[in-house]
1. From the list V129, V91, which one is modelled with pLDDT of 95 or more, over 30 Å from P29 (Cβ atoms) and of a type in the set (V, I, T)?
2. Tell me the residue from V77, V113 that is under 22 Å from L23 (Cβ atoms), part of a helix (DSSP H, G or I) and in contact (Cβ under 8 Å) with a residue 60 or more places away in the chain, please.
3. Would you check if A49 is within 16 Å of T131 (Cα to Cα) and surrounded by fewer than 20 Cβ atoms within 10 Å (Cβ to Cβ)?
4. Which condition does G28 not pass, out of (1) in contact with a strand residue (DSSP E or B) (Cβ under 6 Å, 6 or more places away or on another chain); (2) of a type outside the set (S, T, N, Q); (3) in a loop (DSSP other than H, G, I, E, B); (4) more than 16 Å from V129 (Cβ to Cβ), if it passes all the others?
5. What is the number of the single condition among (1) under 25 Å from R168 (Cα atoms); (2) among the hydroxyl-bearing types (S, T, Y); (3) touching a Gly at 6+ places or on another chain (Cβ under 8 Å) that Y33 does not meet?
6. Pick from region 1-54 the residues that are among the acidic types (D, E) and out of contact with any Ser or Thr (no Cβ under 6 Å at 6 or more places or on another chain): which of them is nearest to E73 (Cα to Cα)?
7. Quick one: in region 160-209, of everything that is aliphatic (A, V, I, L, M) and not in a loop (DSSP other than H, G, I, E, B), which residue is most open to solvent (accessible area, probe 1.4 Å)?
8. Does at least one position in region 119-135 carry a residue that is without any contact (Cβ under 8 Å) to a residue 60 or more places away in the chain and farther than 29 Å from R76 by Cβ?
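The values are calculated or read from the model by the stated rules, or taken from the named source; none is laboratory data. Worth saying up front: this structure is predicted, and the values here are computed from it rather than measured. Note: ideal-geometry Cβ built from the backbone for every residue, glycine included; neighbour counts use all protein chains shown. Note: areas computed on protein heavy atoms with side chains; ligands, DNA, RNA excluded. Shrake-Rupley method; radii C 1.70, N 1.55, O 1.52, S 1.80 Å.
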Amino acid sequence: AAPVGELLGVGIFDGIRALQLVLTVLKGPLAGYISIEKMKEAQRTGDVAFPGAKIKQKVEEVTEDDVRQWASEFPRVGLVLLGAGPPCQDVAGLNAGRLGAVEGSRSSLHVHVSRLRALFKKYFPWAEVYTLQESVASMDLSDLLVYSEEYGSFPFRICAGGVSLARRDRFYWVDWEMLDDPDMVVSESKVHYTPVTFNVPVNAEDFLEHGC
């Protein structure tokens, strides 16, 4: 059996590699990192902080052969964590011209999250494979249902204001159990999502330097 301690991170729509930053801050024992991001500017930013990641540009061009190859390169990982934030422009409530989760050329890319999850489970059968998908909480109910049906479950609704200085209300689809904690309350589920509230003391001085 593979050692549980080794972790492979996979950032889908990876931006400037926030997932890798979080795993690094949490001192996750990273065996490697795969970044899937089409914007070259974002990739350059990520490369400065985290050189050595395996890079693919377009999520729709990641093939079964790619995942099979990664499995041969990381045969000892015990956990694969996929983090994904599909483009939200076509589902964001603030965008009057949004085309939705099906017709929008950007937000419809969410289907590749479940596609890649299935491929990683197929080619990493010895490892645990978990997925975190995030999107705006301002989306219409119809788009929420499309995302949830594709992912296979309804999301949690969490605002970052409970753990930071930013009010950032988002839906999070995860395929692991969320349990109550002294600083986190998992409320009774609504019809299409479950509210989660964080109550962590936030000190502005921990985030902002004087004069910033």
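1. Being modelled with pLDDT of 95 or more, over 30 Å from P29 (Cβ atoms) and of a type in the set (V, I, T) holds for just one of V129, V91, which is V91.
2. When all the criteria are applied, what remains is V113.
3. no
4. (4)
5. The number of the failed condition is (1).
6. E6
7. V185
8. yes
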